[in-house]
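Below is one structure, written out as structure tokens; comments come after it.
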Amino acid sequence: MKRYKVMIIDDQEMARQLFAWYFEGQEDYVVVCQAGTVSFVEEFVKTNQVDVVIMDVLMKDDVNGFVMAKRIKKNLSSNKIVMVTSHQCRKCHGLIRQKIWG
């Protein structure tokens, strides 16, 4: 049975823990990385394969999740990226509307 490798990227530790808890209860998934900064993620994806990325839209280190998703896709073109946010703000909705993703 294939186990999908999951990377969780969120600057809030509680959110990372909740996503990890969910995936650890699923037999088809294994969490291979949890990160709170995008700088760590950029290095990780250069040498590691993941199938699913769960990523926060707004990160504290001033790079939004859409920009980071583009960077990740350069190294992991076949993976799936799921964008999440707990913010109900115009900035998040504006980013989505702009389709920065491409």
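The values are calculated or read from the model by the stated rules, or taken from the named source; none is laboratory data. Remember, it's a predicted structure, so these values are computed and weren't measured experimentally. Glycine gets a Cβ as well: all are built from the backbone with ideal geometry, and neighbour counts include every protein chain shown.
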Going through segment 2-24 one residue at a time, which ones are touching a residue at least 60 places away in the same chain (Cβ under 8 Å), part of a loop (DSSP other than H, G, I, E, B) and either loosely packed, with under 13 Cβ neighbours inside 10 Å or not polar (S, T, N, Q) (or both)? Asp10
Could you check how many residues of segment 66-82 are surrounded by 16 or more Cβ atoms within 10 Å (Cβ to Cβ), assigned to a helix (DSSP H, G or I) and among the β-branched types (Val, Ile, Thr)? 1
Looking for something outside any loop (DSSP other than H, G, I, E, B), at pLDDT 65 or above and buried (at least 18 other Cβ atoms within 10 Å of the Cβ) - is there at least one such residue anywhere in segment 86-101? no
When residues of segment 25-47 are filtered for being surrounded by fewer than 16 Cβ atoms within 10 Å (Cβ to Cβ), in a loop (DSSP other than H, G, I, E, B) and within 14 Å of the chain's Cα centre (by Cα), how many remain? 1
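Considering segment 49-65 alone, what residues qualify as being in contact with a Lys or Arg (Cβ under 8 Å, 6 or more places away or on another chain) and surrounded by fewer than 16 Cβ atoms within 10 Å (Cβ to Cβ)? Please lay out each step first, then the result.
Step one: list which residues in segment 49-65 are in contact with a Lys or Arg (Cβ under 8 Å, 6 or more places away or on another chain), which gives 49-53, 58.
If the condition is that a residue be in contact with a Lys or Arg (Cβ under 8 Å, 6 or more places away or on another chain) and surrounded by fewer than 16 Cβ atoms within 10 Å (Cβ to Cβ), then Gln49 is the only one that fits.
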Tabulated pairs, segment 56-81, first within 18 Å of Lys5 (Cα to Cα), second surrounded by 13 or more Cβ atoms within 10 Å (Cβ to Cβ) and among the polar types (S, T, N, Q), C-beta under 7 angstrom, 6+ apart or interchain: Asp56/Thr85
State whether one or more residues within segment 7-26 are closer than 14 Å to Val82 by Cα and of a type in the set (Val, Ile, Thr). yes
